[in-house]
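One structure below.
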């Protein structure tokens, strides 16, 4: 079942109207309808609000029960994640994360973009720079990373990043445990 179908199914099971769910999420009922019909893909922040309103985990909305133990995933099968308020996007490199210990992502940070503020959460993060220059701040340390460079840190430390070059930054970014 697709994410759009899961949202609609869970909403109906809870007896919520489109308008009621939209009010809980803070968007229009037309937007929720577009999400449910697959015409719109919500940002991660909106998806988190939908999951909270439906009393489920984000990963439950993104997962595909039929592919729980899928070993191989083609590029076309990846789930895209759009980060709110920016042009940063990521693709899950696994089909289902609800039964995984880590969240591997292919992440693209366009020129002039970065995280809006410091983040911190439980876990660890690892990344490998494929293309571009990424400025990564972890705690009081700042480093500009280039292709072939990697990083690994405790996610409990405040951290932020931004594109420090003139081409899009492409990374493999792994978060453990999954935060989606």
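The values are calculated or read from the model by the stated rules, or taken from the named source; none is laboratory data. Quantities reported herein were computed from a predicted structural model and do not represent experimental measurements. Cβ placement follows ideal geometry from the backbone for every residue including glycine, while neighbour counts extend to all protein chains displayed.
The rows are residues; the columns are (1) within 22 Å of residue 73 (Cα to Cα); (2) in the same structural domain as residue 164 (by TED's automatic domain parsing); (3) over 16 Å from the mean Cα position of the chain (by Cα).
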{"residue": "104", "(1), (2), (3)": "yes, yes, no"}
{"residue": "107", "(1), (2), (3)": "yes, yes, no"}
{"residue": "111", "(1), (2), (3)": "no, yes, yes"}
{"residue": "120", "(1), (2), (3)": "no, yes, no"}
{"residue": "129", "(1), (2), (3)": "yes, yes, yes"}
{"residue": "133", "(1), (2), (3)": "no, yes, yes"}
{"residue": "139", "(1), (2), (3)": "no, yes, yes"}
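One line per residue, one yes/no per condition, for (1) touching a helix residue (DSSP H, G or I) at 6+ places or on another chain (Cβ under 9 Å); (2) over 27 Å from residue 3 (Cβ atoms):
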| site | (1), (2) |
| --- | --- |
| 103 | yes, no |
| 116 | no, no |
| 122 | no, no |
| 132 | no, yes |
| 140 | no, yes |
| 153 | no, yes |
| 175 | no, no |
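Among the residues of the stretch 163-173, write down those that are surrounded by fewer than 19 Cβ atoms within 10 Å (Cβ to Cβ) and either part of a strand (DSSP E or B) or not assigned by TED's automatic domain parsing to the domain that holds residue 78 (or both). Within the stretch 163-173, 170, 172 qualify.
With respect to the conditions (1) in a loop (DSSP other than H, G, I, E, B); (2) touching a residue at least 12 places away in the same chain (Cβ under 8 Å); (3) not assigned by TED's automatic domain parsing to the domain that holds residue 100, residue 40 falls short on a single one, namely (2).
Within the stretch 49-100, the set of residues being outside any loop (DSSP other than H, G, I, E, B), modelled with pLDDT of 85 or more and touching a strand residue (DSSP E or B) at 6+ places or on another chain (Cβ under 9 Å) comprises 75, 89, 90, 91, 92. Name the single residue, out of those in the stretch 141-162 being assigned to a loop (DSSP other than H, G, I, E, B) and in contact (Cβ under 8 Å) with a residue 24 or more places away in the chain, that is nearest to the chain's Cα centre (by Cα). Only one residue fits best here, namely 155.
Check 16, 21 and return the single one that is over 19 Å from the mean Cα position of the chain (by Cα) and assigned to a loop (DSSP other than H, G, I, E, B).
16
Among the residues in the stretch 111-132, are any at pLDDT 95 or above, in a strand (DSSP E or B) and under 18 Å from residue 45 (Cβ atoms)? Checked the stretch 111-132: no residue is at pLDDT 95 or above, in a strand (DSSP E or B) and under 18 Å from residue 45 (Cβ atoms).
I'm trying to understand the selection: among the residues of the stretch 124-161, which are farther than 19 Å from residue 104 by Cβ and surrounded by fewer than 17 Cβ atoms within 10 Å (Cβ to Cβ)? Result: 139, 140, 141, 142, 143, 144, 146, 156, 157, 158, 160. Residue 45 fulfils the conditions (1) closer than 20 Å to residue 173 by Cβ; (2) in a loop (DSSP other than H, G, I, E, B) except for a single criterion, (2).
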